[in-house]
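Read through the structure below, which is laid out as structure tokens, and then see the notes.
The values are calculated or read from the model by the stated rules, or taken from the named source; none is laboratory data. A quick note: this is a predicted structure, and the numbers were derived from the prediction, not measured. Here the Cβ positions follow ideal geometry from the backbone for every residue, glycine too, while neighbour counts run over all protein chains shown.
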């Protein structure tokens, strides 16, 4: 306990420990005496010419006549709540933006693109068959369809009718 | 958690009705505040009364303390106002007409002032406390003494002391505690037998 008091007065305890040891100080008069003695030592080391007698007892005596103070909830607590509300709002907006962006490039985006391409360029059934063979053979190298992030790297390619004929009959030129 | 954050936690406890938390703040700041007030009020008995008054005023005003400045800065302002009001009520002028600087108040060197007006009894008690602390310090092993001095005089953090002394932070924490405890052990008989337990 004494070692923790020493660290507490130096501001070297972790936040979760501070509350616990302040509670202990509240309950233990001997611990409060150690707190006072350690502070006296520090003051003597810093300014030995300015040491005067202890006023704690006198102040405590006078405080007996004072009503216990209670701060209305609203100063420190309100400020903390405001900071918390602002950070929560900022986090929610950030999550919203990320969600909206991911929907923009979500799984629906790729089929829509594909449908557009199909509408613009009807594919020859023969070519489709060949392409399917090609895709089946290289399926293991293709990214999963559920990896929407990869849509960015996928590029659609099409051939003109002349090029297809040349590819199918390379000898007829 | 820093020293100022610990003060803020103590303040919040007082604001929730915990008077013991205010005791801890008094124990911590009474000599600093006393030094400050003795710049205005030269009679040591009066300065003592004004210091007590300042603490009571601070206690009453604590519900309005919002933590926008450090607790000690706020307390010192109360101390200065209490001292000035005390002088006004006795129709005396404050020894300084310039705005008061808290940092300056912490570091002022006016030792003669207090000695001039201290009672012989208070002076003897102060001297005994100082002698015991300094003698105890001289008896400490070098590593404990250095760790305590780096903390109290230089104001270094445990991490900085660990770097200077080339040892882990845990060792610094232990050395500072052992140094304080060794000095406190020699000091306790004096603190407990002083007249009216005034230390």
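Structure above, values below:
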quantity: Test for residue B:148: is it under 20 Å from residue A:5 (Cα atoms) and facing chain A (nearest Cβ under 9 Å); calculated: yes
quantity: Wholly within segment A:1-77, helices (runs of 4 or more DSSP H) carrying at least 2 residues that are at the interface with chain B (Cβ under 8 Å from one of its Cβ atoms) and within 44 Å of the chain's Cα centre (by Cα); calculated: A:2-9, A:15-27, A:29-46
quantity: Subset of segment B:167-187 (residues that are facing chain A (nearest Cβ under 7 Å) and either more than 19 Å from residue B:156 (Cβ to Cβ) or within 21 Å of the chain's Cα centre (by Cα) (or both)); calculated: B:176, B:177, B:180, B:181, B:183, B:184, B:187
quantity: Test for residue B:57: is it out of contact with any strand residue (DSSP E or B) (no Cβ under 9 Å at 6 or more places or on another chain) and farther than 29 Å from residue B:2 by Cα; calculated: no
quantity: Yes/no for residue A:81 being modelled with pLDDT of 85 or more and more than 7 Å from chain B (Cβ to nearest Cβ); calculated: no
quantity: Test set (1) at the interface with chain A (Cβ under 7 Å from one of its Cβ atoms); (2) surrounded by fewer than 18 Cβ atoms within 10 Å (Cβ to Cβ) - residue B:8 fails condition number; calculated: (1)
